[in-house]
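Have a look at the structure below before the remarks.
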Amino acid sequence: WRADEQARREALRAAADVLFTRSEEIGRVITLEQGKPLRDAALEAVGAGVWLKYFAGLELPREVIQDDAAAFVEVVRRPLGVVAAITPWNYPLLLAAWKLGPALLAGNTVVLKPSPYTPLSSLLLGEALRGVLPPGVLNVVSGGDELGAWMTAHPVPRKISFTGSVATGKRVAAAAAPDLKRVTLELGGNDPAILLDDVDPEAVADRLFGAAFMNNGQVCSAVKRVYAPESIYDDVVEALAARARAAKVGDGTAEGVEYGPINNRPQFERVSELVADAIAGGAKAAAGGRAMDRPGYFFEPTVLAGAEDGTRIVDEEQFGPALPVVAYRDLDEAVARANGTHFGLSGSVWGGDADRAAEVAGRLECGTAWVNTHLALAPHQPFGGFKWSGVGVENGPWGLHGFTELQVVHRARS
């Protein structure tokens, strides 16, 4: 496996084709265990295939750094060996592909552990790729949090690639330290969107709402808080609230549903607690504000006006369908407040003057800074965070290099 790069490329392309062909079947399993609508779940399976196909075409260059009478010296990238990949419950298949694509192309083998809340889609992935990948190349194991702890402490894996919470990421890093394992940690975010005073609230509301409530807000890099200038604050709140009130929430298998439930009870309770805390502290629910009166972990899409920095809904990552909108007077103050957290995953700036917005975006302390958009992700684009939002990056050649180690081959000529 590690010796035949062309075979690895062909295997990744074949794996992508399996995901494209079986996207609806796999998507239904994702919906049943994760909750998102069927269309979104099928698109997740397709997206996983897109990521695998991208890495199948990526180069593993051998770089010549000296070629003269004294020596021929080249730098090559070698696989690390066994990779332990631990994935979350919000995008169980897509985020697995973010790890599998580069790890397998580099010549590693992978032990994949999905979240205990969403194990079935990853187990189905293992079954689907059984005839595509050689035995032992991809191994899917399911279990609780204790299994992840055993994997990270085990001496065999040479790399841990983890996506999940900051608290668990710190434990992963500590467990990897005794063996000096490599780690890539894609952790939480509290991603700000700053609206400038020349923006048209109605013109950006659809995109902004979509970036905050995609997957019912259960996206690590979704908009988690909006900073709007006082001059247009009320218009921003109402534009977002109108879309929240019109959103169709329900069973992911039902026709026309846009947003499913929150995935699990602990997360449902956390979102409920943060919203209740904000309202008790003086914020107003311009839309939503409570759990839906039906069985399951359904929560109304919520837009909160009057929330301030220092309240939990603004300072912490809610990871659910609740969005605080915070007023500001001074742009420098807004940037400072946007940067004033332990998180630094992503952020965005929205304005009528794109050059001005880009200048402000460059001041954000985060791994990805978008201008007049948010959640624009692609396999060729590196993704990682500053501060507590992560260590290392995923995607693109940068992500691929994280699954390799450098070796210098020096051939003397004299």
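Short-range pairs are left out: with C-alpha atoms under 8 Å and at least six residues apart, the relative contact order of the chain is 18 percent. Peptides 55-61, 188-194 ranked from most to least packed by the mean count of surrounding Cβ atoms within 10 Å: 188-194, 55-61. Descending by average beta-carbon neighbour count within 10 Å, the peptides 122-135, 379-392 line up as 379-392, 122-135, the highest first. Pairwise alpha-carbon distances in segment 239-291 exceed 18 Å for 45% of all pairs.
Taking amide H positions as modeled 1.01 Å from N, with prolines and chain starts lacking one, the residues under 5 Å from L323 and 5 or more places away or on another chain are T302, V303, L304. For segment 191-371, the convex hull spanned by the alpha carbon atoms encloses 106 Å³ per residue.
Here the dipole of segment 143-266 is about 1040 debye; that uses its Cα centre as origin and unit charges on the Cβ of Lys and Arg (positive) and Asp and Glu (negative).
Amide H neighbours of V223 under 5 Å, counting only residues 5+ apart in sequence or on other chains, H built in-plane at 1.01 Å? For V223, the qualifying residues are A212.
Looking at the chain, the DSSP beta bridges with both ends there are about 35 percent antiparallel. The Cα atoms of segment 145-251 cover 56, 35, 16 Å along the three principal axes, with the biggest extent listed first. Coupling constants for segment 179-185 follow from the phi torsions by the Karplus curve (6.51 cos²θ - 1.76 cosθ + 1.60, θ = phi - 60°), and in residue order they are 9, 6, 5, 6, 9, 10, 10 Hz; glycine and proline get x. The residue among A205, S122, A174 whose Cα reaches farthest toward the positive pole of the charge dipole of segment 110-210, with charges on the beta-carbon of Lys, Arg, Asp and Glu, is A174.
Magnitude of the Cβ-charge dipole of segment 191-371, K/R +1 and D/E -1, about the Cα centre, nearest 20 debye? Charge dipole of segment 191-371: 660 debye, to the nearest 20.
Dipole of the chain computed with +1 at Lys/Arg Cβ and -1 at Asp/Glu Cβ about the Cα centre; of A71, I26, H342, farthest Cα towards the positive end is A71.
The string of couplings for segment 398-414 from the Karplus curve (6.51, -1.76, 1.60, θ = phi - 60°) is 5, x, 4, 4, x, 9, 10, 10, 7, 10, 8, 10, 10, 10, 6, 10, 8 Hz, one whole number per residue in order, with x for Gly and Pro.
Over the chain, DSSP H runs of length four or greater, each weighted -39,500 (n - 2.57), average out per residue to a 222 nm ellipticity of -11500 deg cm²/dmol. Protection proxy ranking of 404-412, 112-120, 93-101, 333-341, by the mean of other Cβ atoms within 10 Å over each peptide's residues and highest first, is 93-101, 112-120, 333-341, 404-412. Evaluated with a Cβ-only charge set (Lys, Arg +1; Asp, Glu -1), the chain carries a dipole of roughly 1760 debye about its Cα centre, given to the nearest 20.
Of the trypsin sites (Lys or Arg not before Pro) in segment 29-70, the ones in a loop by DSSP (not H, G, I, E or B) with at most 11 other beta carbons within 10 Å are R62. In the chain, taking the dipole from charged Cβ atoms about the Cα centre, the farthest positive-side position among G384, P261, G143 is held by G143. Over the Cα atoms of segment 311-365, the radius of gyration divided by the Kirkwood radius equals 0.96; this is the Rg/Rh ratio. In this structure, the pairs whose alpha-carbon distance is over 25 Å, taken from K159/K224; K99/K248; K36/K181; K36/K113; K181/K224, are K159/K224; K99/K248; K36/K181; K181/K224.
Computed from the coordinates by the stated procedures, all read-outs in this text should not be read as laboratory data. It should be emphasised that the depicted structure is a prediction, and the values quoted were computed from it without experimental measurement. Cβ atoms come from the backbone with ideal geometry, glycine included; neighbour counts cover every protein chain shown.
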